[in-house]
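The values are calculated or read from the model by the stated rules, or taken from the named source; none is laboratory data. Quick caveat: nothing in here was measured; it's all calculated off a predicted structure. All Cβ positions, even for glycine, are placed from backbone atoms using ideal geometry, and neighbour counts span all protein chains on display. Ligands, DNA and RNA are excluded from the accessible area calculation, which covers all protein heavy atoms including side chains. Shrake-Rupley method; radii C 1.70, N 1.55, O 1.52, S 1.80 Å.
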Amino acid sequence: MSAAGMRCPTCGSTNIVDDDLYSQAQLVCVDCGSVVSEGVLANDPVGGSDVSFSRTTAVAKRPCTNLIKGQQRVKAICRILMVNREIEDLSQTYYKMAYEHKAFLKVSLQKKEILTGCCVLLSCRQLNWPITVGTISCLLDADSMAVGAIYQEMVKNLSIEAPIINVTDVIEAHCHEYKISSLDVPEELAENSRDLTKRAVALVELAADSWIVTGRKPIPIMMAATYLAWQSLKPNKHRLKFSLDKFCQVAKVKKLKSAMKRVAEIKEVLCKLGKEIPWVRETVTPDNVIQLVECILQNRYALLRRAMRTHEDALLEESQASCAEAPPEGTASSQISECADQTPITSFVKQNGSNSDGKEKPGDVDYNPRVLPEHSDTRESQNPPPNWGKRVLFAPPCVINAKKRRAVQPEHTDVTGDEEISDSEIDSYIRTPQEARDFALMQQMLSLSDSAKS
């Protein structure tokens, strides 16, 4: 700021400015640098001149280095997954919230890196973008169990409602990972992604109806369904010869170990339903069932009902035959009728169709619907079956392959010598009269043998 009406006494210049860099204001000549006048401390205000804090020692607050790296990692994952801008911004917001939360302040850098993928997963699920934990685990090169645990912890600490997705919601995105288009593989092996997704979704729904999906990881099931869908769309000799390993190599995806077990389980269900097709005369095996997949999926519900009915009829005949062979002649008829009453079909008919012949009316007998179930429950509790999953057509995997429970081993307590001795144990230590006589005789014989030797 120039001072008007003043002249430098040294050079006579009028270009004089205020220099307030220091605590005491001065008038300085710009041309020669001479100090024209110095301010007096007594003339300054009591608090001194007003100088902003940022002009002295303040530094602009910058985010933490790990926070910057984490946000860059979130952006990189979003770019790899090719999500929209909204998901990317929401993922960075969630990561900043989680990073500043007290639950994630003192955690390892590896956990913070997994946290970046969890934020992207949460944002994708909230905005209806299909993605799985296995995809995030692959991008982060981390264990899926660790990713799932950190994801649950983040959702709980941030109090965010995360929607639960189904396997069929993400299978479309999963099928796009397989490079089996006409640009990548020969024509006899190429398949349209839309047709492949539609067939794979139908197979996954069939697997869900037959309890295969229950308690299982989704990625192996989707891989097995995609492989079987690819084979069944054009079941020629080229595709039927392909194993799951070779298919994964051609499609440029990483094979999972448990996917082969899921393939065998889905084929087993397809065989059970394929046997119920009336116009199929040949024996249905896992080797030729692929050619019947389209027909099975079109008539899925009818074949499921028919297979369940056939299985129940077979169980009824088996129970009647076993009851007819075991008992003697006098009690054979009564036990056969009793075994027939225990089967689910006959018990249902007996309860619901007892009045069909017109001999019994509702008023003739006091019918209590709770009496029969209580009796059957008591009988089942007294004689529980070893594994009821072996007796039904479809059952959850945890029932069919039930783990054997280990017998509870009694804990061995250290003997200190201060324990109380029971009366029965004391009686076992007391010699009977016969034992006392035998002991005295033995003592006498030993003494005679010692004296003879001497």
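Name every residue in the stretch 86-103 that is touching a residue at least 40 places away in the same chain (Cβ under 8 Å) and either in contact with a Lys or Arg (Cβ under 7 Å, 6 or more places away or on another chain) or open to solvent by 10 Å² or more (accessible area, probe 1.4 Å) (or both), in order of residue number.
Result: E86, Y94, M97, H101, A103.
Is there a residue being modelled with pLDDT of 80 or more and of a type in the set (S, T, Y) anywhere in the stretch 421-439?
yes
Would you point out which residue out of G148, G215 is under 20 Å from the mean Cα position of the chain (by Cα) and part of a loop (DSSP other than H, G, I, E, B)? Steps first, answer last, please.
Numbers: G148 fails: part of a loop (DSSP other than H, G, I, E, B).
Criteria check complete, one pass: G215.
Scan the stretch 81-104 for residues that are more than 22 Å from D143 (Cα to Cα) and not acidic (D, E) and jot them down.
Within the stretch 81-104, M82, V83, N84, R85, I87, L90, Q92, T93, K96, M97, H101, K102 meet the criteria.
Determine which single condition I221 fails, assuming it passes every other condition in (1) surrounded by fewer than 22 Cβ atoms within 10 Å (Cβ to Cβ); (2) more than 17 Å from I296 (Cα to Cα); (3) not small (G, A, S).
Among (1) surrounded by fewer than 22 Cβ atoms within 10 Å (Cβ to Cβ); (2) more than 17 Å from I296 (Cα to Cα); (3) not small (G, A, S), the lone unmet condition for I221 is (1).
Please work out if D418 is open to solvent by 100 Å² or more (accessible area, probe 1.4 Å) and at pLDDT 70 or above.
Yes; evaluated as a whole, the condition is true for this residue.
C138 - would you say it is open to solvent by 80 Å² or more (accessible area, probe 1.4 Å) and within 17 Å of A259 (Cα to Cα)?
Taking the combined requirement at face value, the residue satisfies it.
Here is a list: K106, K111. Which entry is at pLDDT 90 or above, surrounded by fewer than 18 Cβ atoms within 10 Å (Cβ to Cβ) and not polar (S, T, N, Q)?
When all the criteria are applied, what remains is K111.
With the condition kept exactly as written, say whether any residue in the stretch 161-169 is touching a helix residue (DSSP H, G or I) at 6+ places or on another chain (Cβ under 8 Å), open to solvent by less than 30 Å² (accessible area, probe 1.4 Å) and assigned to a helix (DSSP H, G or I).
Yes: the stretch 161-169 contains one or more residues that are touching a helix residue (DSSP H, G or I) at 6+ places or on another chain (Cβ under 8 Å), open to solvent by less than 30 Å² (accessible area, probe 1.4 Å) and assigned to a helix (DSSP H, G or I).
May I ask you to say which residue of E187, E172 is out of contact with any Ser or Thr (no Cβ under 7 Å at 6 or more places or on another chain) and not aliphatic (A, V, I, L, M)?
The conditions single out E187.
Can you pull out the residues in the stretch 224-259 that are open to solvent by 60 Å² or more (accessible area, probe 1.4 Å), of a type outside the set (D, E) and part of a helix (DSSP H, G or I)?
Answer for the stretch 224-259, where residues must be open to solvent by 60 Å² or more (accessible area, probe 1.4 Å), of a type outside the set (D, E) and part of a helix (DSSP H, G or I): K237, H238, L240, K246, Q249.
Could you tell me whether T132 is in contact (Cβ under 8 Å) with a residue 60 or more places away in the chain and open to solvent by less than 30 Å² (accessible area, probe 1.4 Å)?
Working: in contact (Cβ under 8 Å) with a residue 60 or more places away in the chain: yes; open to solvent by less than 30 Å² (accessible area, probe 1.4 Å): yes.
So T132 passes the test.
Within the group E177, E172, E153, which residue is part of a loop (DSSP other than H, G, I, E, B), open to solvent by 50 Å² or more (accessible area, probe 1.4 Å) and not hydrophobic (A, V, I, L, M, F, W, C)?
Answer to the selection: E177.
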